Amino acid sequence: MEDGNDPLAVESAVDGSTGRIPFVDPTSVRCPATYYAGSKDWVLPHVRADVTMLGATLDIIPDQAHLGAFFAASETVLGAVGSRLRRDARDGRAVRGVPSVRTT
């Protein structure tokens, strides 16, 4: 665990990742949504479909597969998502229904 991490949050994330992952109906999302996925991620077509359906935002992390975008490229992901949130808030796009896709 890295310095500064919330031990309870880390415990919860680890606990949640070891069990059955529940299905979440994307149409049940009632807040602005932002997704990220690796450019080599097998779920990218499904993520793109959810993004289109929800009017969400998507950041594509170059040269990363499913776990790589989560582990190996965490700094890239945090930079992309943080940048997206700041830009959308600044531009007034932090609302549902304004799709945006960007390759980092």
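Okay, here's what the table says:
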{"read-out": "Residue that is modelled with the highest pLDDT, among those in region 1-43 that are closer than 22 Å to Glu75 by Cα, part of a loop (DSSP other than H, G, I, E, B) and open to solvent by 100 Å² or more (accessible area, probe 1.4 Å)", "value": "Lys40"}
{"read-out": "All positions within region 44-55 that are under 20 Å from Ala73 (Cβ atoms) and surrounded by 13 or more Cβ atoms within 10 Å (Cβ to Cβ)", "value": "Leu44, Val47, Arg48, Val51"}
{"read-out": "Near pairs, Cβ below 6 angstrom, 6+ apart or cross-chain, from region 48-60 (part of a helix (DSSP H, G or I)) to any residue that is open to solvent by 40 Å² or more (accessible area, probe 1.4 Å)", "value": "Val51/Tyr35"}
{"read-out": "Positions within region 56-72 being crowded, with 20+ Cβ neighbours inside 10 Å and at pLDDT below 80, in sequence order", "value": "Ala69"}
{"read-out": "Which numbered condition Val98 misses (of (1) surrounded by 15 or more Cβ atoms within 10 Å (Cβ to Cβ); (2) at pLDDT below 75)", "value": "(1)"}
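The values are calculated or read from the model by the stated rules, or taken from the named source; none is laboratory data. Since the model is a prediction, treat every value here as computed from it, not as a measurement. We place every Cβ from the backbone using ideal geometry, glycine too, and count neighbours over all the protein chains shown. For accessibility, only protein heavy atoms count, side chains too; no ligands or nucleic acids. Shrake-Rupley method; radii C 1.70, N 1.55, O 1.52, S 1.80 Å.
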